[in-house]
1. Which residue, of B:ILE159, B:ILE119, is modelled with pLDDT under 95 and not hydroxyl-bearing (Ser, Thr, Tyr)?
2. Which of the residues that make up region A:47-58 are part of a loop (DSSP other than H, G, I, E, B) and farther than 19 Å from A:VAL115 by Cβ?
3. Can you give me the number of residues within region A:25-36 that are over 22 Å from A:LEU222 (Cα atoms) and away from every other protein chain (no Cβ under 14 Å)?
4. Collect the residues in region B:80-101 that are touching a Lys or Arg at 6+ places or on another chain (Cβ under 8 Å) and either open to solvent by 70 Å² or more (accessible area, probe 1.4 Å) or part of a loop (DSSP other than H, G, I, E, B) (or both), keeping them in residue-number order.
5. Which one of A:VAL53, A:VAL75 is free of Cβ contacts under 8 Å to residues at least 40 places away in the same chain and closer than 28 Å to A:LEU227 by Cβ?
6. Go through the residues of region A:175-190 one by one and say whether even a single one is touching a strand residue (DSSP E or B) at 6+ places or on another chain (Cβ under 7 Å), at pLDDT 95 or above and open to solvent by 20 Å² or more (accessible area, probe 1.4 Å).
7. Considering only region B:114-161, state which residues are hydroxyl-bearing (Ser, Thr, Tyr) and open to solvent by less than 20 Å² (accessible area, probe 1.4 Å).
8. Would a scan of region B:14-23 turn up a residue that is open to solvent by 10 Å² or more (accessible area, probe 1.4 Å), charged (D, E, K, R) and assigned to a helix (DSSP H, G or I)?
Amino acid sequence: MKVLITGGAGYIGTELTIQLEKETNVNEIIIYDNLSRNNYNIFLHSRIKRGKVKFIKGDILDSRKLKEILKDIDVVYHLAARVTTPFSNESPHLFEQVNNWGTAELVYAVEDSNVKKFIYVSSSSVYGSSDNKVDINTFPNPETFYGISKLQGEKHVERLFNKIDTYIIRSGNVYGFGVSMRFDAVINKFMFDASFTGRISVNGNGKQHRAFVHVDKLVDVLKNINLSGYKSGIYNLVDKNISVIELSDLIKDIYPDIEMIFINQHLKLRELIVIPDDRLQKLISIPEKNLREEFEEFSIKFHNSSIE
Amino acid sequence: MNLEEIEYQIRLFKSEGKKIFATSSFQGQSVALLHLLNTIDSGIPIYFINTGFLFPDTISYKDTIAKLLNLYIIEVRPSVPKNLQKDSSGNLLYTSEPDFCCHLNKVQPLDSILAENDIWISGVRASQNENRKGLNTLEKAPHNVTRFHPLLNWTDKIIYDYIKKFNLPSHPLENSGYISIGCEPCTRKSEYDIREGRWFGLNKSECGLHTDLIIK
C-alpha cells in the first residue's frame, strides 16, 4: 500500500508518518508539504529510517505535481491546511486559498487517479460555538475564517463519498507531545509555559469549554480507519471536553509554582462542547489515560528533552 | 429559433461535414440546451470548463445531468496550476485581477478546443446582459470557428417552460437564492442585492468566452 500525506511534515503528519512507517502493509509513504511553517523537525528528530518515506516539497495548489504524485497512490491523508493562529492578522483569503481551493485541487486530482481511500482531517471549528453540546447531527455553523474554510473543504471532499472510501474527520483541538508539535494551541502552549516560563496566560474568564483530542489518539484513529471497513461519511473525533480554567488548574497541580495571568478576564469567550462519536472511539487501540496522566507524561518529556 | 429551426441548422452543419461541439457551465438554465442538443444529436461533445473555482454543487449537478441525459461530456481544466495563479501579494488572482483569472481558467482552456473544431454551440441569450443583446445567432470566433447561439432569443419564460415540460432537475443552489452561478469567489447571492449575481461591484459582466473569443 502506498500512502500520500499532505502536510506530512506538520504536527499530526509527522506523528502519522512515524506510526505508518512501522506498518508492514505500508510499502511507501510520500510526505507532501511546502514547509510553510519552517518546521524541519521531521527531518531532524523523527528517527524515521531511510527507505519507506519520501519527501516531496510542493504546494497543495500545484495540481500538475499532485496529479503526477497520485499515479501510484492507494491512500491519501489530507492534512495540509492553513491553521488558526490566535490573534494574528493573517488575511482570511489565505485560509480560503489553502483549505478550500487547495482541497478542491487535491480532490480533482484524486478523481483522476486510482486512489482507493481518502481521509480528510477537518475540525470541530466547523460547529462554531454553541451553548448546547454538539454532535455529528448538529448543523455546522462556523464562526472563524478557519472554520469556514475547513467546511468549504469538506464540501469538495464529500463529492468523493460515492466514488471511493472517504472519511471526513472533524477533530477537536489537538494536543500532546510530538516531534513537530505546535505551540499555538492552548494545551501545548500552557505546557510549554508551565515547563519553561513559569507563567501561563489565560484569555477571557477561562470558563470557555473546548473539545480536545490527544495527537496519539488522532493518529491511531487515522491509521485504523483506513482498514476499518467503515462507510464513507463525516465523523467527529473528540476525546475530552474541558474548560480552559480547569486545564490551567490541572497544570498548576503538576507545576505548583507557576502563575496564571488572566488577559481580558471580563470576557466570556465562545463555548464548544462536542459529544464524542462512538464510531471513532471504537477505533482507538492505545491505552486510555486521563488528562492528568497525559499531562504528567508531557511534562516528563519536556523535562528529559530540554533545558530547565 | 424554434426547435425545428435549431435542428435544421445542426443537420446542415453536419451535412457540410463540420465538426461540432458545445460548451456548458452547468448553471440551472444550461439544462435546456443540453437536453435539446441531446435530443437532436447525442454525439455532440459537451465541453465543461472546470475552472477549479466552481461550487462543489455545480460539479455534482453536472454529474447528475450527465447521468440522467447520458451526455457525452469532456471536462477541460486550466493548464496553469493555481499555485502559479497568484498576484504580487500572494493572493489568488480573483482577489485583484479577475479578468486575468477568467482568462487563465476559462478563455485559455477553450482556445485549444476551438482550434480542433468548426462549430461552437453556446447557450447565450440576449436577455442576459448588454453584451449578449448585441450578438447574432451566428458569429465568427478565432481559428475559423463559427459560433452558433440557438437560444439567443429565448426568454426566461421559454427556458422555464422547457425545463418544466421535460421535468429537468434544477441546480441545487437555485433554491438557495443564487440566480447566476459561476465561480464561487465571483458569485453573489441575489438576496444581498437585486443587481447581477456575478462580479458584483465591478463593471465586468462577462468572463471573456463571449467577448474575447468572438470576432466582430
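1. B:ILE159
2. A:ARG47, A:ILE48, A:LYS49, A:ARG50, A:GLY51
3. Summing the residues that are over 22 Å from A:LEU222 (Cα atoms) and away from every other protein chain (no Cβ under 14 Å) in region A:25-36 gives 0.
4. Matches in region B:80-101: B:PRO81, B:ASP99.
5. A:VAL53
6. No, region A:175-190 has no match at all.
7. The one that is hydroxyl-bearing (Ser, Thr, Tyr) and open to solvent by less than 20 Å² (accessible area, probe 1.4 Å): B:SER122.
8. Yes, some residue in region B:14-23 is open to solvent by 10 Å² or more (accessible area, probe 1.4 Å), charged (D, E, K, R) and assigned to a helix (DSSP H, G or I).
The values are calculated or read from the model by the stated rules, or taken from the named source; none is laboratory data. Since the model is a prediction, treat every value here as computed from it, not as a measurement. Please note: Cβ atoms are built from the backbone with ideal geometry, for glycine as well, and neighbour counts cover all protein chains shown. Each accessible area value is taken on the protein alone, full model and side chains, heavy atoms only, with ligands, DNA and RNA left out. Shrake-Rupley method; radii C 1.70, N 1.55, O 1.52, S 1.80 Å.
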